[in-house]
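I have placed the structure first, in the form of structure tokens, so that the comments after it can refer back to it.
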Amino acid sequence: MKKNVLRVVIAVIVVIFTFSTGLWVGISFDSFKKYVFNVNQNSTSEDNGDGGFLEDISESIKRNFSVKPIEEAINLISESALVERSKDELLKAAVEGILSVLDDKHTEYFTAEEYEKIMESYSGTMSGIGVIVTLDNDGQVVVVRTLSDTPACRAGIVEGDIITEVDGMDIKDMALEKVVTMIRGEEGTEVNLKIYRPEDNGIIEVTVTRARFDVPNLISDIFEEDVGYIQYFDFQDRGAQKLDKEIQKLIDGGTKGLILDLRNNPGGVLDDAVEVCDLFLDEGIIVTIKGRTENKERIDKYLAWKGKYTEIPLVVLINGFSASASEVVAGALKDNDRAILVGERSFGKGTVQVIYELSDGSGLKFTTARYFLPLGLSVDGVGINPDILVKLEPDATEDIQLNRAIEEINTLISEIE
């Protein structure tokens, strides 16, 4: 069953993130309240067929303010304004106006089709081109990874490419989720991309045919016979279960120490980040979430419990594109003295968003809380400094960060032998 509420520490990636709204059949404000008590509880609203687009608002909300003028304004403008606009367009503008007063750069309003795409991605399979993107400090859409054996890989799209246009549309200042849904699409259809490649200082144009493929959340290897290596690409539903199986496989193969590579991991589902931490910790705070619901402050602490791999030496790799859920994991393992962090300062995103499906299949995204690491610090705008700073230059011919991580894990292994 598809979850209709997800708690997400968000950094958008092409294989994971987009959703939407179109509140024409009704809004249920009560369903937002239910989220804070049970994130798995489904909430639907019934259409009584009388045509009132706000008919499902709870009675308590109705008593506090009049919603009739909103409906009247939409009807009048759609029927009589010189500039013709549909009711759907006007409703979209109205909801975006509501979100704008939050002064929250992470709020978005999307279509039902877009919401369906993000839920599909969370399932671990999707139709698209196979790239992971994020926004850099200049607001550019940067490719941080190209999935192997995907259309993007075959088209020659590489890490570091900057997407500037999609199907002839300039995407400057466009919400990243919007860009994601423009790139994704039905299997067999084409998307035209204009890409700036910094290393060549040039523009290339590619036409990519979309395909359906599995979205891996990790790859693994063994170095020097006893050093296990896992690159964790993103945090998705049931991702920690896959990680658990992969770690056990490495240990069965002789691994004595583990490197967890969170570089270029832009985040994902908060619950998965907590479950990943819980594999390595058997006590202590993982993360603290501080937010607000029903006009009251709310604090939730996630505690470690019965970790399975609490003794194996552990090194975590991070860089400037390690964000959100990646920072939850890296920060929790660092603060609990469970791992050594190697690499560069992380991105610095410390807020939690809600992805909520509305009754018509659309959805909303907005910030509900901030998260704090076990020692009480927020990473928002600051990031996490590694224990061992190793800068990787763009033109580097070898992965010196990984090499240093191998050195550190070998030292930790030798200390327990």
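The values are calculated or read from the model by the stated rules, or taken from the named source; none is laboratory data. This is a predicted model, so every value here is computed, not measured. With ideal geometry, Cβ positions are generated from the backbone for all residues, glycine too; neighbour counts draw on all protein chains shown.
A few notes on this one:
- Val133 at pLDDT 85 or above and over 28 Å from Tyr356 (Cβ atoms): no
- Of the residues Ala405, Ala396, the single one that is assigned to a loop (DSSP other than H, G, I, E, B), more than 30 Å from Leu91 (Cα to Cα) and hydrophobic (A, V, I, L, M, F, W, C) is Ala396.
- Test: residue in segment 307-320 that is at negative phi, without any contact (Cβ under 8 Å) to a residue 24 or more places away in the chain and of a type outside the set (Asp, Glu): no
- Condition check for Asn217: surrounded by fewer than 17 Cβ atoms within 10 Å (Cβ to Cβ) and not hydrophobic (A, V, I, L, M, F, W, C): no
Quick grid of which residues meet (1) surrounded by fewer than 22 Cβ atoms within 10 Å (Cβ to Cβ); (2) not assigned by TED's automatic domain parsing to the domain that holds Ala273; (3) not β-branched (Val, Ile, Thr):
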position: Arg338; (1), (2), (3): yes, no, yes
position: Leu373; (1), (2), (3): no, no, yes
position: Val379; (1), (2), (3): no, no, no
position: Pro386; (1), (2), (3): no, no, yes
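- The single condition from (1) closer than 19 Å to Thr310 by Cβ; (2) in contact with a helix residue (DSSP H, G or I) (Cβ under 9 Å, 6 or more places away or on another chain) that Asp252 fails is (2).
- For Met174, the test of being at pLDDT below 85, surrounded by 12 or more Cβ atoms within 10 Å (Cβ to Cβ) and outside the structural domain of Gln241 (by TED's automatic domain parsing) is passed.
- On the stretch given as segment 208-227, residues that are touching a residue at least 40 places away in the same chain (Cβ under 8 Å) and farther than 26 Å from Asp395 by Cβ total 13.
- Test: residue in segment 278-295 that is part of a loop (DSSP other than H, G, I, E, B) and under 18 Å from the mean Cα position of the chain (by Cα): no
- A search for C-beta distances below 7 Å between a residue of segment 271-296 that is not assigned by TED's automatic domain parsing to the domain that holds Val315 and modelled with pLDDT of 95 or more and any residue that is in a helix (DSSP H, G or I) and crowded, with 20+ Cβ neighbours inside 10 Å, counting only pairs 6+ apart in sequence or on different chains, returns nothing.
- Criterion violated by Met182 - all others in (1) in contact (Cβ under 8 Å) with a residue 40 or more places away in the chain; (2) outside any strand (DSSP E or B); (3) buried (at least 17 other Cβ atoms within 10 Å of the Cβ) satisfied: (1)
- Residue in segment 240-270 that is modelled with the highest pLDDT, counting only those that are closer than 22 Å to Thr288 by Cβ and part of a helix (DSSP H, G or I): Ala240
- Count of segment 54-91 residues which are surrounded by 13 or more Cβ atoms within 10 Å (Cβ to Cβ), in contact with a helix residue (DSSP H, G or I) (Cβ under 9 Å, 6 or more places away or on another chain) and at pLDDT 60 or above: 12
- Verdict on Thr164 being in a strand (DSSP E or B), over 24 Å from Gly381 (Cβ atoms) and outside the structural domain of Glu108 (by TED's automatic domain parsing): yes
- The criterion of at least 2 residues that are more than 28 Å from Asp104 (Cβ to Cβ) and touching a strand residue (DSSP E or B) at 6+ places or on another chain (Cβ under 9 Å) is met, among strands (runs of 3 or more DSSP E) falling completely within segment 304-383, by 314-318, 340-343.
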